[in-house]
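Here the structure comes first, spelled out in structure tokens, and everything after it is commentary.
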């Protein structure tokens, strides 16, 4: 059957309408106190999720079919978020800072994964299998605890410094040597984190790669010459390498096509349309052919189009389309689909210890890794500590990673609540600590980045803020037609 769903469109209209209105209202308050818009969207979902616990509400307000529709819209939202993140990844900026940013990123990612793995193992065990979800047939998804423990560390590896960018800009330190290093390391964090996420999902044997048409045949072929477990691992490695070859080949062709389109249609609305279409196709093929998470395909689609003359324009238009509907629904879905009844159980007391310890591990992993990495590369101790503080901030990529793990049945859905605690705590505290660290210091005395590095940062500030959930309101750009040209609107 072509269409197997029985969901009626009207069933999602009311909850989606409430999500959009409430997210916008709460977003205004969040902006006033300096919080990312993502926090307001998360709070929207929490309010609706708790409201749905009232007896009888789920029959008329948030029905099962309505939640299924919200999940579908949210999937589009997460794809667009990662496409935008790829567009905002400036490889030239990373290259300009070079060794320091790379070393900081590798060290803090390794420590976060290691800390998360150890904490999860101590609380949840090291051997055997676990199950946090069911497949389409309703059967439990069994995953080895090793992969579940590892994935908790992967969730902690993501960084978002949108709040830090705003703080450094306010303090006049954005184009400083340490400011440039922080932003570059955070961008590189996302790139490495997305790759690790896909590899762990694929090797765990979870449902993430279930739609791949090549993984199982390749594994069966290899099993004739090696043990079954080894065949699975080798097949994942081979498909991952093939995926990168695919990205390189497609990227070369698509960049040539976009060069022609940019010359023929500068700042025309068809450019973001082509870009989003390319994003969806890459997301599909990454999972369908290679068993690589669809969000990775979307991220690399953005990366292919990054650094072009139209990149900021395409990203801005994508963000506007995404933040009107899809992104608020994605973040709200996290709160709506959280099993709040589980928090009244005795088991939650044990899970609370695990969740809070994991939050602490996530903060320490980033802080220690970034601080040591910075100091090792010749920065002062004070600047190294500032880098460590800045890198602890988390936002949407952390939640996207967690959601992928939840959908694959590899992590416990209750972890979302503690990730919200991590996001809100770091978003509140880090700006205060950074401001205190610069007290009584003259901005003129702060070591500056080279002119080339500073310009790269300044060119990317607005884009990076939009990518990481600090999208400016339309009133900040009262005349977009003069900014981008008449073809954008007419």
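Since every read-out is calculated from the coordinates, none of them should be taken as a lab result. On a predicted model such as this, the values are computed, not experimentally measured, just so you know. Positions of Cβ are backbone-derived with ideal geometry, glycine not excepted, and every protein chain shown enters the neighbour counts.
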Original post:
How high is the relative contact order of the range 354-425, in percent, counting Cα pairs under 8 Å that sit 6 or more residues apart?
Top reply: 34
**OP:** Take peptides 185-192, 420-427 and line them up by average Cβ neighbours within 10 Å, highest first, as a rough protection proxy.
**Re:** 185-192, 420-427
Original post:
So for the pair residue 360, residue 381, with labels modelled 7 Å out along Cα→Cβ, what separation do we get in nm?
Top reply: 2.5
Subject >> Gyration tensor (alpha-carbon) shape descriptor, the range 266-406, a/c threshold 1.5 >> reply: oblate
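For residue 324 and residue 263, what does the FRET efficiency come to when R0 = 25 Å and r is the distance between their Cβ atoms, rounded to the nearest 0.05?
On the way: r = 30 Å, r/R0 = 1.18.
With a Förster radius of 25 Å, E is 0.25.
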Original post:
Rounded if a/c is under 1.5, else prolate if a/b is larger than b/c, else oblate: which is the range 239-300, with a ≥ b ≥ c the root eigenvalues of its Cα gyration tensor?
Top reply: oblate
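Using R₀ = 45 Å, calculate the FRET efficiency as 1/(1 + (r/R₀)^6) where r is the Cβ-Cβ separation of residue 33 and residue 248; round to 0.05.
Values: r = 44 Å, r/R0 = 0.98.
Efficiency at R0 = 45 Å is approximately 0.55.
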Original post:
Pulled fully out, how much extra length does the chain show between residue 64 and residue 225, if you take 0.36 nm times their separation in residues and subtract their Cα-Cα distance?
Top reply: 53.3 nm
Original post:
Between residue 350 and residue 10, how many nm apart are label points set 7 Å from Cα along the C-beta direction?
Top reply: 4.7
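Show me 294-306, 260-272 ranked by packing, highest mean number of other Cβ atoms within 10 Å first. Mind dumping the intermediate values first?
Values: 294-306: 26.5, 260-272: 15.5.
In descending order of packing, they fall as 294-306, 260-272.
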**OP:** Go through 125-132, 153-160, 105-112, 321-328 and give me the packing order, highest mean Cβ count within 10 Å leading.
**Re:** 153-160, 105-112, 321-328, 125-132
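Note the full-extension length gain between residue 123 and residue 50 as 0.36 nm times their separation in residues minus their Cα-Cα distance, in nm to one decimal.
Between residue 123 and residue 50, full extension yields an extra 23.5 nm.
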Subject >> Two-site label geometry, residue 432 and residue 142: point separation in nm, points 7 Å out along Cα→Cβ >> reply: 4.9
Subject >> Difference of contour (0.36 nm per residue) and Cα-Cα distance, residue 368 to residue 425 >> reply: 18.7 nm
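R0 = 30 Å: FRET efficiency of residue 234 with residue 288, Cβ-based, nearest 0.05?
Numbers: r = 21 Å, r/R0 = 0.68.
Result of the calculation: an efficiency of 0.90.
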